[in-house]
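Notes follow the structure.
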Amino acid sequence: MPAIAVQRLGEYTVQLRQPPRIVGAFTLMGPREGAGPLGQYFDAIVDDDMWGEVSAEKAERKYLEHAARRALDQAGLAEQDVDYLIAGDLLNQIVSATFSARSLGIPYLGVFAACATSALGLGLAAMLVDGGYARRVLVATASHYQSVERQYRYPIELNIQRKETNQWTATGGAAAVVAPPGEGAGPRITRITFGRVVDWGIKDANDMGAAMAPAACDTLLRHFQDTNTTPGDYDLIITGDLAKVGSKLFRALVERVGVTLGGKHMDGGASMYGTAPWAGAGASGSVCSMAVLLGYVYKEMARGRYRRVLALPTGCLHSPTTWQQGDSCPGISHAIVLETD
Amino acid sequence: MDRDRKAIEGAKDYQRLVQQLAPKPNAARLAARAFLVGGTICFLGQFVFDYFRYRQPTEGEAIAATLASMILLGVVLTALGVYDDVGQLGGMGAAVPITGFANALTSAAMDFRREGFVLGMAAKMFVIAGPVIVFGILAGTLTGLVAWLVGAGP
């Protein structure tokens, strides 16, 4: 008997039967993120990016754990009310997620998709809930400018001249609870298109936007094809974190195949810091797309500004070792559709 | 095969697009900033040297004291979190003088302090500055060897 997956659309897309909701969300960001144009959308801002910790790694996991706990509070739930914690971050062995899971005590699924962790986590959570494998799932991620800079690039105080293509890793944590549609009134995750790893040979790790733009384009076009939709069917198409350089490339690639995004497209990384010169092309980091989704998008959906949003978080999957050995930077993009009732 | 070739051509085509849309750095402005920052550091160095020259009799001692002072300046500015901003402003103008070398050592030492004094700070101190030392010693040895061979050595 041939295998039939009934909840699929086209080649790559998942159509959820009873689309689960985001019933609780919390964004907890650092001072630079709080001072940016999206600052008003975040739930809490920590004035000291190190949050009183002695190392950036310890601070990063504090952001993740606190965001996760506050998201549970927002949903009016306790740890035992969720069946899984899906979490990831950018550090080696995803330690921020793992160490937070240690204190949260919830069965833990650690995931890695670099800065696309948000969509991977939310997508998997929605599938688990809709499939009846979990009552509720907590999704969390975090990143920290200093810990990521140390791991991927140079010492913090080194006199390196940043390029205009460089992106600034966002500091903060963000988390959401995904639950069956009967609980609460938050936006529903209706469709998911998990992306392929796409690598078009960009070797400059200081230009991650260029490395990720083809992946975002690939997932977007596959999603349109599978769901038979066009940009006109969405109120907002939000990528992240292609930043300014990557967004330009993304739009150019999409336009080449005759798709016009018009005013519908926004990029989380390009929006996070506005025109601050130190930020280069904009923000990155696994918390960036999660915070933009759970901060800006979630709240604007609650206000009724957007009813149907296509989110395409993007991740650059290189490691410092592969980059130093001359390999190009593979990109990935996972798409989720958020809809209000 | 045909699919592979198409993919490679597609990637090359994309890399051209990336080049085309890449932000163009203003080379003249960057060079002017490097000149001003590097020049200021060298002016300071000259000032310190002249001061030691005024106080100390031999030139060799004055040079050594100047280098030590500039290194100290680089270390202090790094510890205060200022030198990375100088680097953002001046690029190579901040990296090439000996203050930049001091910054490379200090910034790495500060970064890895949490991993312990021996395997962290002491071991990782040279991750950026190490090559400068290695190739500096190598270049010095080769130059000395050549000087000795042609009979120009001391």
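What follows is calculated from the coordinates using simple rules that are stated; it is not laboratory data. Every value quoted in this text rests on a predicted model; they were computed, and no experiment measured them. Cβ atoms come from the backbone with ideal geometry, glycine included; neighbour counts cover every protein chain shown.
Once the Cα atoms are used to define both axes, helix B:2-21 deviates from the longest principal axis of chain B by about 50 degrees. Relative contact order of chain B: 18 percent, from C-alpha pairs under 8 Å at least 6 residues apart in sequence.
Derived scalar couplings between HN and Hα for the stretch B:23-37 equal x, 8, x, 7, 4, 5, 5, 5, 5, 4, 5, 4, 5, 5, 5 Hz in order, rounded to whole Hz, by the Karplus curve 6.51 cos²θ - 1.76 cosθ + 1.60 (θ = phi - 60°), x for Gly and Pro. Each residue of the stretch B:98-103 was assigned a 3J(HN,Hα) from its phi angle through the Karplus curve 6.51 cos²θ - 1.76 cosθ + 1.60 (θ = phi - 60°); the sequence is 5, 5, x, 5, 4, 5 Hz, with glycine and proline shown as x.
What does the charge add up to near residue A:50, with Lys and Arg as +1, Asp and Glu as -1, over the other residues with Cβ less than 12 Å from its Cβ?
Details: positive: A:58, A:62, B:114; negative: A:47, A:48, A:49, A:53, A:57, A:60.
Net of charged neighbours comes to -3.
Charged neighbours of residue A:306, selected by a Cβ distance under 9 Å, balance to +2 (K, R count +1; D, E count -1).
With contacts defined as alpha carbon pairs under 8 Å and 6 or more residues apart, what's the relative contact order of chain A in percent?
Numbers: 897 pairs, mean separation 84.5, N = 341.
For chain A, the relative contact order is 25 percent.
In this structure the amide hydrogen of residue A:143, modeled in the peptide plane, comes within under 5 Å of the amide hydrogens of A:172, A:287, none closer than 5 places in sequence on its chain.
The stretch A:275-297 and the stretch A:100-127 have Cα centres spaced 19 Å apart.
The 3J(HN,Hα) values that the Karplus relation (6.51, -1.76, 1.60; θ = phi - 60°) gives for the stretch A:156-167 are, in residue order, 4, 8, 6, 7, 9, 7, 6, 8, 5, 8, 4, 10 Hz. Gly and Pro appear as x.
Distance from the Cα centre of the stretch A:193-261 to that of the stretch B:36-73, in angstrom? Centre-to-centre (Cα) distance: 54 Å. Quick check on my link table: of A:62/B:24; A:203/B:6; B:12/B:124, which ones sit more than 28 Å apart, alpha carbon to alpha carbon? Pairs exceeding 28 Å: A:62/B:24; B:12/B:124. DSSP assigns beta bridges within the protein assembly as shown; of those with both partners inside it, close to 60 percent run antiparallel.
For residue A:9, the residues whose amide H sits under 5 Å from its own are A:14, A:15, ignoring neighbours fewer than 5 places away on the same chain, with H placed 1.01 Å from N. Around the amide H of residue A:84, modelled in the peptide plane, lie the amide H atoms of A:136, A:138, all under 5 Å away and 5 or more residues distant in sequence or on another chain. Could you point to the residue in A:205, A:87, A:312 farthest towards the positive end of chain A's charge dipole, with +1 and -1 charges on the Cβ of Lys/Arg and Asp/Glu respectively? Farthest towards the positive pole: A:312.
Count Lys and Arg as plus one, Asp and Glu as minus one, and take only other residues whose Cβ is under 9 Å from that of residue B:112; the net charge is then +2. Put a plus charge on the Cβ of each Lys and Arg, a minus charge on the Cβ of each Asp and Glu, and nothing anywhere else: the dipole of the protein assembly as shown about its Cα centre is then about 700 debye.
Between A:253, A:179, A:128, the Cα set farthest toward the positive side of the dipole of chain A (charges on each charged residue's Cβ, about the Cα centre) is that of A:253. Simple point charges give the picture: +1 on the Cβ of Lys and Arg, -1 on the Cβ of Asp and Glu, and for the stretch B:2-152 a dipole about the Cα centre of about 380 debye.
Please order A:133, A:234 by the number of other Cβ within 10 Å, starting at the fewest. Show your work: numbers first, answer last.
On the way: A:133 11, A:234 22.
If I rank by nearby Cβ atoms, fewest first, I get A:133, A:234.
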